[in-house]
Amino acid sequence: MKTFVRSGKPEWDGLEFHLDDPRIPDSIRTGLRPFAEQGYAIFFADTVQGGEWWVLDGENLVEGFWLIG
């Protein structure tokens, strides 16, 4: 059974990140790259599973990424 791996800190909840921010895990950054190149915003959302990286188009969720171990 796969488990979620923490991918950020709770205090990052709701913060917007640039793709080149070193706090974004490399494997997450790879998935985010095509969206960032299109101008979508990247946010971290703290969750009980360990956090998710969200791609937003305004207020609409386009895609979510998380780490699974």
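A short reminder: the numbers here are calculations on the coordinates, not readings from a lab. A quick note: this is a predicted structure, and the numbers were derived from the prediction, not measured. Heads up, the Cβs are rebuilt from the backbone with ideal geometry, glycines too, and the neighbour counts pull from every protein chain shown.
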What are the ³J(HN,Hα) values, in whole Hz, obtained from phi via the Karplus relation 6.51 cos²θ - 1.76 cosθ + 1.60 with θ = phi - 60°, for each residue of the stretch 52-65 in sequence order, with x given for Gly and Pro? 10, 9, 10, 9, 10, 10, x, 9, 9, 6, 9, 7, x, 10
Net +/- balance of residues flanking LEU67 in space, Cβ distance below 14 Å, scoring K and R +1, D and E -1: +2
For PHE44, what is the net charge nearby, where nearby means another residue's Cβ is under 12 Å from its Cβ and Lys, Arg count +1, Asp, Glu -1? -3
Could you pull out every residue, at least 5 positions away or on a different chain, whose amide H is within less than 5 Å of the one on PHE4? Hs are placed 1.01 Å off N in the peptide plane, and Pro or chain starts have none. GLY69
Based on the alpha carbons, how large is the Rg to Rh ratio for the stretch 4-68 when Rh follows Kirkwood? 0.92
5 angstrom amide H check on LEU15, placed H, neighbours 5+ away: PHE44
Can you give me the long-range amide H partners of ALA41? Hydrogens built in the peptide plane at 1.01 Å from N, cutoff under 5 Å, separation of 5 or more residues or another chain. LEU56, GLY58
Karplus 3J(HN,Hα) series, Hz, for the stretch 8-21 with 6.51 cos²θ - 1.76 cosθ + 1.60 (x for Gly, Pro): x, 9, x, 6, 7, 3, x, 7, 8, 10, 8, 4, 8, 5
With the contact rule set at Cα under 8 Å and sequence spacing of 6 or more, what percent relative contact order holds for the chain? 40 percent
